[in-house]
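The values are calculated or read from the model by the stated rules, or taken from the named source; none is laboratory data. For clarity, every value in this text was computed on a predicted model and none was experimentally measured. Here the Cβ positions follow ideal geometry from the backbone for every residue, glycine too, while neighbour counts run over all protein chains shown. Just the protein is used for accessible areas: all its heavy atoms, side chains included, with ligands, DNA and RNA removed. Shrake-Rupley method; radii C 1.70, N 1.55, O 1.52, S 1.80 Å.
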Amino acid sequence: MSAMSDYLENKFLDHFLGTTSTSAPAAVYIGLHTADPTDAGTGAEVSGFNYARKSMAFDASSSGTASNSAAVEFSPAIGGDWGTITHVGIWDALTGGNLLFHSALTTSKTIADGDIFKVAASGIDITAA
């Protein structure tokens, strides 16, 4: 995962080259998408049927890559299907907020009623290149 959102690109430039300082969000959350959220953060995120973003912590990076430090397990889909998860996004809020990073999954995953989506520890890598 290495695509930064337009929002994060602008914050980065403002912070390092402009006059506006910015600080890291208090927490970040992984969101599941059934379409590419794009740099603009406009792709279809799953909604309903017991879906909610999950907080995700990352190990500090000294090598240009940060990975999630623990496994994340979403609550099961209840009362309906979430559809086919094709992309993930890292957000700065549990709901709403700003997309920070996004990427396609290596393999899409269909989540039907009762299914659970899991991300292994070190399953998400964010690389600065």
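Among all residue pairs at least 6 apart or on different chains, which show Cβ distances below 8 Å where the first residue, located in segment 105-124, is open to solvent by 60 Å² or more (accessible area, probe 1.4 Å) and the second is hydroxyl-bearing (Ser, Thr, Tyr) and outside any loop (DSSP other than H, G, I, E, B)? Final answer for the pair search is Ser108/Thr84; Ser108/Thr86; Lys109/Thr84; Thr110/Thr84; Ser122/Ser67. Screening Ile78 on (1) touching a Gly at 6+ places or on another chain (Cβ under 9 Å); (2) closer than 23 Å to Asn10 by Cβ; (3) open to solvent by 40 Å² or more (accessible area, probe 1.4 Å); (4) without any contact (Cβ under 8 Å) to a residue 60 or more places away in the chain shows it passes everything except condition (2). Please specify each residue of segment 33-60 satisfying the condition of being open to solvent by 60 Å² or more (accessible area, probe 1.4 Å) and among the polar types (S, T, N, Q). Thr42, Ser47, Asn50, Ser55, listed by residue number. State yes or no: is Gly31 assigned to a loop (DSSP other than H, G, I, E, B) and touching a residue at least 12 places away in the same chain (Cβ under 8 Å)? No, not satisfied. Selection of strands (runs of 3 or more DSSP E) fully inside segment 37-129 by the criterion of at least 3 residues being more than 26 Å from Asp6 (Cα to Cα) returns 99-111.
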